[in-house]
Amino acid sequence: MTIFKDIVELLHNNDCVILPGFGAFVLKKKSASIIQNKFIPPSKNVSFNSMLKENDGLLVKYISGTRKTSYKKALNLVEKEVEAFNKKLTRDLLVEIESIGIFELKDENSLNFNPDLSINDLKQDEDVLDTWFSSWLWPISVFNGLSDPDNKDINYYYPTNDLVTAPEIM
């Protein structure tokens with residue numbers, strides 16, 4: 001089922017991709033954090049919403065463009081793949097989709113989704129920060145602002161508790 005590769009591709013630039021007639025893959029944003037003096041960049045995890053089934057056109061239009069076919073043929077392809085996926089899920093009760101997660105059919109009304117957290121390439125590179133944040137973070141990391149927050153160098157760069165930046169950045 002090649003349609004899921006298209007969904008993964010779309011999730012790189014979209015927070016929600018609806019698979020018409022089946023449900024929506026929704027990205028949950030996870031904020032950046034600092035754990036044991038190590039900066040963890042922001043990331044995104046995939047979740048699934050079975051209530052969003054109406055075609056919003058995003059996936060079908062993407063398939064139509066990448067496969068150089070009409071919108072109607074692309075929609076027909078999506079409908080056939082959804083039908084095939086539902087049959088496979090009904091037969092096997094457990095279906096794994098690479099880079100997305102595992103669907104498990106408990107009974108006719110209970111579909112469980114377990115996201116694939118081991119393959120999360122839907123995040124910002126660990127060594128890349130946007131400019132204003134990295135310039136704000138630099139003195140903290142260089143002058144031990146986490147382990148010694150009241151040293152003279154930190155107090156020089158951060159004389160107050162206010163972070164001041166240009167309004168267009170916020």
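The numbers here are math on the coordinates, done by the rules we state, and not lab data. No experiment lies behind these values; they were computed from the predicted model shown. No Cβ is skipped: glycine too gets one built from the backbone with ideal geometry, and neighbour counts run over all protein chains shown.
Observations, loosely collected:
- When each of LYS38/LYS152; LYS44/LYS152; LYS28/LYS80; LYS5/LYS30; LYS44/LYS68 is checked by Cα-Cα distance, pairs over 32 Å: LYS44/LYS152
- Sorting 57-69, 18-30 by average packing, meaning the other beta carbons within 10 Å per residue, from highest down gives 18-30, 57-69.
- Computed over segment 1-73: relative contact order in percent, which uses C-alpha pairs under 8 Å that are six or more apart: 29
- Global geometry of segment 20-67, whether rounded, prolate or oblate, following the gyration tensor of its Cα atoms and the 1.5 cut on a/c: oblate
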